[in-house]
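Visitor: First the structure, then my questions, so here it is.
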Amino acid sequence: QVQLVESGGGLVQAGGSLRLSCAASGRSFSIYAMGWFRQAPGKEREFVAALNWNGETTSYVYSVKGRFTISRDNRKNTVYLQMNSLKPEDTAVYYCARALSAGVENRHERYGYWGQGTQVTVSA
């Protein structure tokens, strides 16, 4: 049984910051890569960021490089997404996901478990 619960979303002005958290339950959290995806109204689900099992390797979609940071605390079974310099284009529901292997992956098909999502809204 694996459960992922996101938190930390909200309404923020352009240029502001938010930190999303994803609390995981279930077996062997620390051996799997984790990722964040987002979906805006009327758009397809988009890869945002991922990190490998120990957090030492990360990957980001180009549009968030230099602004977002993904990290994890395996002691707490938690993954984070620090979002700085937010833009209205970042508005979306953000989903946490657990991968099917230890290495970073940007294909949603390579993630086996998903959270319920948390809304991020960035006003102009």
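The values are calculated or read from the model by the stated rules, or taken from the named source; none is laboratory data. Computed from a predicted model, the values in this text were never measured in an experiment. Cβ placement follows ideal geometry from the backbone for every residue including glycine, while neighbour counts extend to all protein chains displayed. Each accessible area value is taken on the protein alone, full model and side chains, heavy atoms only, with ligands, DNA and RNA left out. Shrake-Rupley method; radii C 1.70, N 1.55, O 1.52, S 1.80 Å.
Visitor: Can you grab the distance from the C-alpha centre of segment 80-124 to the C-alpha centre of segment 54-77, Å, no decimals?
Guide: 11
Visitor: So which lysines pass the test for Lys43, namely a Cα distance under 28 Å, with those fewer than 8 places away in the same chain ruled out?
Guide: Counting by Cα, and skipping residues close in sequence, Lys43 has these lysines nearby: Lys65, Lys87.
Visitor: Using the charge dipole of the chain (Lys, Arg: +1 at Cβ; Asp, Glu: -1 at Cβ; taken about the Cα centre), state which of Ala23, Gln13, Gln119 has its Cα farthest towards the positive end.
Guide: Ala23
Visitor: Additional query: Mind jotting down a quarter of the surface of the convex hull over the alpha carbons of segment 62-124, in square nanometres, one decimal?
Guide: Values: hull surface 20.4 nm².
So the mean shadow area of the Cα hull is 5.1 nm².
Visitor: What number comes out for accessible area per residue over the chain if the probe is 1.4 Å? Units Å², please. List each step's numbers first, then the result.
Guide: Working: 6510 Å² over 124 residues.
With the other protein chains kept in place, the chain gives 52 Å² per residue.
Visitor: May I pose another question? Of all the accessible heavy-atom surface of the chain, with the other protein chains kept in place and a 1.4 Å probe, what percent is carbon and sulfur? Could you put the intermediate results ahead of the total?
Guide: On the way: 2970 of 6510 Å².
Percent of accessible area from carbon and sulfur atoms in the chain: 46.
Visitor: Give me the log10 of I(q) over I(0) for the chain at q = 0.20, 0.21 Å⁻¹, as the Debye formula computes it from C-alpha points; what are the numbers?
Guide: -1.06, -1.17
Visitor: Each residue of segment 106-114 in turn: what ³J(HN,Hα) in whole Hz from Karplus with 6.51, -1.76, 1.60 and θ = phi - 60°, glycine and Pro shown as x?
Guide: After applying 6.51 cos²θ - 1.76 cosθ + 1.60, I find 9, 8, 4, 5, 8, 10, x, 9, 9 Hz.
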